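Each remark here refers to the structure printed beneath this line.
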Amino acid sequence: MPVIIDQEKCEGISECPGEGLCIKLCEKGALEEKDNQIVFISEKCDDCDICIQNCPSQAIVKE
Ligand code: SF4
Ligand code: SF4
């Protein structure tokens with residue numbers, strides 16, 4: 001299932017309480033930052049849900 005980043009709750013690595021924790025934790029490289037937004041690359045994601053469980057802003061959900 002696609003991972004959705006809530007852009008109202010997440011304002012990029014610079015404003016993240018975990019300093020981009022989702023990107024650091026994603027072992028598949030399915031999350032990147034571009035233009036101050038977190039971008040999800042669905043082809044790389046294995047649905048481990050680690051990003052969802054660890055985002056300090058609860059900004060990551062699944063559709
Ligand atoms: S961990 Fe959450 S708040 Fe931090 S960059 Fe990732 S999505 Fe945004
Ligand atoms: S669910 Fe897992 S593989 Fe997919 S983006 Fe999140 S941490 Fe990465």
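Throughout, read-outs are computed from the coordinates displayed, never taken from laboratory work. What you are looking at is a predicted structure, and each value in this text was computed from that prediction instead of being measured. Glycine also receives a Cβ, built like all others from the backbone with ideal geometry; neighbour counts cover every protein chain displayed.
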What do you reckon, is C10 of a type outside the set (V, I, T), in a loop (DSSP other than H, G, I, E, B), surrounded by 13 or more Cβ atoms within 10 Å (Cβ to Cβ) and in contact (Cβ under 8 Å) with a residue 24 or more places away in the chain? yes
Out of the residues in region 49-63 that are assigned to a strand (DSSP E or B) and surrounded by 13 or more Cβ atoms within 10 Å (Cβ to Cβ), state the one that is nearest to ligand 1 (Cβ to nearest atom). I60
May I ask you to list the residues in region 15-48 that are in a loop (DSSP other than H, G, I, E, B), out of contact with any Lys or Arg (no Cβ under 7 Å at 6 or more places or on another chain) and touching a residue at least 12 places away in the same chain (Cβ under 8 Å)? C16, P17, G18, G20, C26, E27, N36, I41, D47, C48
